[in-house]
Each structure stands twice: as structure tokens, then as C-alpha cells.
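Single-structure report; data block below.
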Amino acid sequence: NFLIILLLISVSIYTANKLASDRMIDQVTETTGQSIDIIIQSMDAMLNSIEEAAEIVSRNETVQSVLQKLQDREDQEETDHYFLVRSVLQEIIYLRNAINGVTIYTREGVRVGSQSISGKPFSTSSVLNKNLVEAAVARPGQNIWIDPGGLSYSGENRGIVGPIMLRGIRRGNSDTVVGILQISVSESIFSSLYSHLDYGPTGRFLVLDSDGTLIFPERAYQTSFMDIIYRVFLDW
């Protein structure tokens with residue numbers, strides 16, 4: 001009788017603990033899911049704002065005029081048109097916490113002008129990567145998001161790897177590309193949206209691209225997280 005009673009008590013304790021554990025996991029899962037939904041909505045809103053800013057810059061009269069004149073010239077040497085980028089920055093200054101800088105290139109990928117909007121250095125180059133030029137020209141008026149981790153920058157721009165958005169600037173409403181816009185986004189654009197959330201000393205939010213490659217947090221953490229991500233994908 002003693003053994004039977006002991007067995008019943010043990011089963012009851014295990015069952016109660018299991019139910020409590022499952023309930024706690026469900027609550028944490030639901031809360032985390034709600035937090036992720038809010039973060040995703042905030043990310044979408046921020047990225048949409050940046051894309052709207054790209055539309056504003058592309059249709060700017062000064063941008064259109066300068067790029068058209070450069071298009072008609074035979075020489076395509078790099079020339080800094082500071083007034084050009086200053087004029088467009090004034091229109092999108094409200095995004096200074098999300099955008100590091102703006103660079104404008106000719107259709108051939110030669111830099112026309114660039115300037116910081118946040119006061120911090122940002123990734124740019126005097127001549128845009130050939131593959132990126134071809135991608136922007138092939139999709140006029142469309143926004144192309146890229147991870148700059150594989151791009152090569154030198155000098156003061158080395159190691160600055162925030163997200164980059166490219167857009168082929170169309171002449172008016174036509175599909176003729178007269179230039180290329182590059183918007184360098186702040187590295188902290190994602191982390192700023194969830195840094196206030198706390199999931200304990202081991203809790204982490206990870207942002208991955210469609211191929212499962214870790215984008216955020218910073219690349220310094222990439223090695224330590226890759227094993228975790230790999231196991232998660234195996235479970236899926």
C-alpha cells in the first residue's frame with residue numbers, strides 16, 4: 001500500500017509539474033510571438049519610410065536636372081555636387097536616425113555626390129560595383145535591398161556594413177535610367193526596435209535573410225549563433 005501511495009504521489013507531482021511547465025511555455029511562446037509581430041510591423045514601417053524617401057529623392061528636380069546633364073556629357077569623371085545631396089537631404093532629414101548617408105551615381109556607376117545624414121561615416125565608393133549597376137539599371141524605379149557584407153570598401157569606409165538600398169533613378173516617368181541612388185542604412189536600425197525588450201541573459205533576437213544567413217546582431221556574434229541557427233533549421 002505504501003508503494004502504491006508513493007507511486008500515486010509521484011505521478012501526481014510529475015503531472016502537475018508537466019502541466020505547469022507546458023502552460024508556462026505556451027504563455028512565453030504567445031508573449032514572444034506578440035513581441036515579434038510588433039517588431040516586424042515596426043521594421044516594415046521603417047523600411048517603407050526609407051523606400052518612400054528613395055522615391056522623393058529620385059523625383060527631386062535638382063537630381064533629375066544634374067543627372068540629365070551628366071548623361072549628355074561624354075566624360076564621366078567623378079565630380080562632387082554637394083548642393084545636389086544637400087538639397088535632397090533636406091527633404092528626408094526626418095530619417096536621420098535610420099539613414100547614415102545618401103550617395104548618387106551616374107547611370108554608369110560613377111559617384112556624383114554623397115553626404116552623411118546622421119553625422120556618422122557610411123559605406124560608399126567612387127565607382128559602384130558593376131553587378132549592382134547592372135541590377136539597378138535592369139530594374140528602373142525599383143528598390144533593391146542588399147547585404148553589403150560581401151562588398152569591398154576601403155579607407156574610412158572599411159568595415160561599415162549597414163544595410164544598403166539601391167534604386168535606379170528614372171528620367172521622369174519613363175523607364176530610362178539616368179542615375180543610381182544608394183541609401184546607406186544605420187547598422188542599429190533593427191536592434192533599436194527590440195533593444196528595450198529583455199528575455200533574460202541568454203535571450204536573443206536574430207534577424208536572418210531569406211537564405212538563413214544571420215544579418216543582425218552584429219557580425220561579431222555570428223560565430224556563436226551559427227550553431228544555434230543550424231540546429232533550429234534542422235528541427236524545421
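The values are calculated or read from the model by the stated rules, or taken from the named source; none is laboratory data. This is a predicted model, so every value here is computed, not measured. Cβ atoms come from the backbone with ideal geometry, glycine included; neighbour counts cover every protein chain shown. Accessible surface areas use protein heavy atoms only, side chains included; no ligands, DNA or RNA. Shrake-Rupley method; radii C 1.70, N 1.55, O 1.52, S 1.80 Å.
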| request: Kindly provide the set of residues from the range 107-139 that are touching a Lys or Arg at 6+ places or on another chain (Cβ under 9 Å) and either under 21 Å from D175 (Cα atoms) or open to solvent by 60 Å² or more (accessible area, probe 1.4 Å) (or both), ordered by number. | output: G109, G119, V127, L128, V133, A136, V137, R139
| task | Within the range 65-75, identify whether any single residue is out of contact with any Leu (no Cβ under 7 Å at 6 or more places or on another chain), open to solvent by 10 Å² or more (accessible area, probe 1.4 Å), at pLDDT below 80 and over 17 Å from R171 (Cα atoms), and answer yes or no. | result | yes
| How many residues does the range 97-153 contain that are modelled with pLDDT under 85, over 27 Å from F190 (Cβ atoms) and among the polar types (S, T, N, Q)? | 1
| Can you tell me how many residues in the range 96-106 are open to solvent by less than 10 Å² (accessible area, probe 1.4 Å) and farther than 21 Å from R170 by Cα? | 2
| Can you find even one residue in the range 36-59 that is open to solvent by less than 60 Å² (accessible area, probe 1.4 Å), closer than 29 Å to E187 by Cβ, out of contact with any strand residue (DSSP E or B) (no Cβ under 9 Å at 6 or more places or on another chain) and free of Cβ contacts under 8 Å to residues at least 24 places away in the same chain? | yes
| said: List the residue pairs whose Cβ atoms are under 7 Å apart, where the first residue sits in the range 124-142 and is under 18 Å from E55 (Cβ atoms), the second is at pLDDT below 85, and the two are 6 or more positions apart or on different chains. | reply: P140/D175
| field | Qualifying helices (runs of 4 or more DSSP H) (wholly inside the range 37-147; at least 3 residues being in contact with a helix residue (DSSP H, G or I) (Cβ under 9 Å, 6 or more places away or on another chain)) | value | 61-72, 82-89
| task | Inspect the range 16-28 for any residue being surrounded by 14 or more Cβ atoms within 10 Å (Cβ to Cβ) and either touching a residue at least 24 places away in the same chain (Cβ under 8 Å) or of a type in the set (G, A, S) (or both) and give the result as yes or no. | result | no
| task | Test I189 against the stated conditions and say whether it is open to solvent by less than 40 Å² (accessible area, probe 1.4 Å) and at pLDDT 70 or above. | result | yes
